[in-house]
Amino acid sequence: MEHGVGDFVVAGTPLVSLLDPGDLDEATTARLNAVFVISRQRSVEQDVAFGIPQIVDVAVKALSPSINDTTTGVMCVDYLAAILTELATRRIATPDRLDEGALRVMVRSPSFEGFLNEAFGQIRQNAEGNVSILLRLLGALHSIAEVTLSPNRRRVLGQQVEQIAEAAERSIASPHDRDRLTNRLTRVREALLAAPVLFVRTNQD
């Protein structure tokens, strides 16, 4: 697959590449093209990952100097934390699709690292100097770390934590605020090293 769900496709460009096209005829080409659904715009119903950048856009606009709406930014981080916490407990299929052990298709599929970077990268970049948002981002990463068993997912969570630490080091001058961030950083780093917390959902309040 040359494009994944939600990617922009330029007319006339290939959708798939074949390792050995052989005698590729029009009927086979039509069957391959029929696998794809191409619309004029992305939708949450067909592209579940589309909701993440929509929330990020709201947060980035809220954090712009002209608007400076930290409350909305915090709410966006909370919703993104809920989404990523749910994704952290789920299996995300690998790009390789096998048939009786043989590789048949290499798809353009999302990854947990991609979801995480999409959710928090731009917000972190626009949150320098904003203690409330930096603390909320660390709290979000702490919540996600508590529910995942995957060493790889914990590794990419740790990368996000260190990027936030660097942003705080550059942009926070107040000793009191730096102490608050240091304490939160310590807790989330400890959570990344500890065993995950397993939550049991019930119908009770």
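Results, tabulated for the structure shown:
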quantity	calculated
Histogram of C-alpha separations across the chain, 10 Å bin width, %	7, 27, 29, 20, 12, 5, 1, 0
Backbone HN-Hα couplings from phi across region 133-144 [Karplus 6.51/-1.76/1.60, Hz, Gly and Pro as x]	6, 4, 5, 5, 4, 5, x, 5, 5, 4, 4, 5
Which of Val37, Val156 has the fewest Cβ neighbours within 10 Å, and the rest in rising order	Val37, Val156
Descending semi-axes in Å of region 43-119, equivalent ellipsoid built from Cα gyration tensor	33, 12, 9
Residue-wise HN-Hα coupling along region 81-90, computed from phi with Karplus coefficients 6.51, -1.76, 1.60 (Hz; x: Gly, Pro)	4, 5, 5, 5, 5, 5, 5, 5, 9, 9
Residue order, fewest to most beta carbons within 10 Å, for Ile38, Ile55	Ile38, Ile55
Prolate/oblate/rounded call for region 68-187, Cα gyration tensor, a/c under 1.5 rounded	prolate
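Only the coordinates and a few stated rules stand behind these numbers; no lab work does. These numbers come from a predicted model, not from an experiment. All Cβ positions, glycine included, derive from the backbone under ideal geometry; neighbour counts span all protein chains shown.
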